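As structure tokens, the structure follows; a few thoughts come after it.
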Amino acid sequence: MENAQLIGLSRQVALRRQMDVVANNMANLNTAGFKGEKLLFEDYLMPVAADHEVTGDDQLLHYTQDWATVHNFLPGAIQQTGGTFDLALNGDGFISIQTPDGIGYTRNGQLKLDNTGLLVTNDGHPVLSEVGEIRFGPEETGIVFGQNGTILSSAGNKGRLRMVRFDNPQELTRVGSTTFMGENALPDIETRVVQGAIERANVSGITEMTNMIHVNRAYQSITNMMQRQDELRSTAIQRLGSLQA
């Protein structure tokens, strides 16, 4: 296969991955606490191929490689809901939750009580306080989450939400839509809790739709270029094959 075809194919593979990222952002426009993603590309130089019979320097081939996926941790807009168990975080912190794979971290504050009174996420993962799980009895009323994460009810002090921060959040690994996992979590005392509100996704539908159109057009343009290359090669083979020896 010619170099032009290989280079075009590398770009198409990267664009397909970029479309997956954009589509995931679009699908989570209404997911509380969702953090958008974008794909980083790099120009991969191919210095291996060489022709020692031709004088002059070899020309490097430039391939496209999707290098990494970057999370956008900018805060989303805070929307008032009035729900007792809706919590928005004003700051850089995360709420700690217990997942089957270990402790995870989320900014999705759409919480609820399960049938045993355990405070859980929409996915059913228990929310953690500084001492463990958080459970309310059926008779408890007046549940209040303070700005510093303290939890009060008619039964008294229920502890404090285990909120953490990270020096480099980009090292976190996304697990699901709004849950992250990682090492080196630090206690967070600066993030404020807003009860009766949620943090909306920090992605823009207009921006993501524009990105989707751009990716689609770029993919189609490369497809057309590769088809023209095929036609040129086919024409060259036909003409060379018709020459008399």
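Read-outs: derived from the displayed coordinates by stated rules, not from any lab. Everything numeric here is computed off the predicted structure, so don't read it as measured data. Note that each Cβ is placed from the backbone with ideal geometry, even for glycine, and that neighbours are counted across all protein chains shown.
General remarks:
- Inter-label distance, nm, simple model (7 Å from Cα along the C-beta direction), Thr116/Ser204: 4.5 nm
- Annotation: amide H-H contacts under 5 Å for Thr179 (H modelled 1.01 Å from N, sequence separation of 5 or more, or interchain): none.
- 3J(HN,Hα) along segment 154-170: 5, 8, x, 6, 9, x, 9, 4, 7, 9, 9, 9, 9, 5, 9, x, 5 Hz, from the Karplus curve 6.51 cos²θ - 1.76 cosθ + 1.60 with θ = phi - 60°, whole Hz, x for Gly and Pro.
- Asn224 paired with Thr141, simple spin-label distance in nm, labels 7 Å along Cα-to-beta-carbon: 6.9 nm
- Amide H contacts of Ile134 (H built 1.01 Å from N, under 5 Å, at least 5 apart or other chain): Leu119, Val127, Ser129
- Whole-angstrom gap from segment 74-108 to segment 197-224, using each part's C-alpha centre: 26 Å
- Projected label distance in nm at Leu40 and Glu183, using a 7 Å step from Cα toward the beta-carbon: 1.9 nm
- Hz values of 3J(HN,Hα) by residue in segment 234-239 - Karplus curve (6.51, -1.76, 1.60), Gly and Pro given as x: 5, 5, 4, 5, 5, 5
- Computed 3J(HN,Hα) for segment 207-223, one whole-Hz value per residue from the Karplus formula 6.51 cos²θ - 1.76 cosθ + 1.60 where θ = phi - 60°, is 5, 5, 5, 4, 4, 5, 5, 4, 5, 4, 5, 5, 5, 5, 4, 5, 4, glycine and proline marked x.
- Close amide H pairs (under 5 Å, H built 1.01 Å from N) link Thr150 with Leu161, residues at least 5 positions away or on another chain.
- Partner lysines for Lys158 [C-alpha distance under 17 Å; skip if fewer than 8 residues away on the same chain]: Lys112
- Geometric descriptor of segment 126-245, per residue, is 206 Å³ (volume of the convex hull of the Cα atoms).
- Once the chain from Arg174 to Thr150 is taken as fully extended at 0.36 nm per residue, the excess over their C-alpha distance is 5.9 nm.
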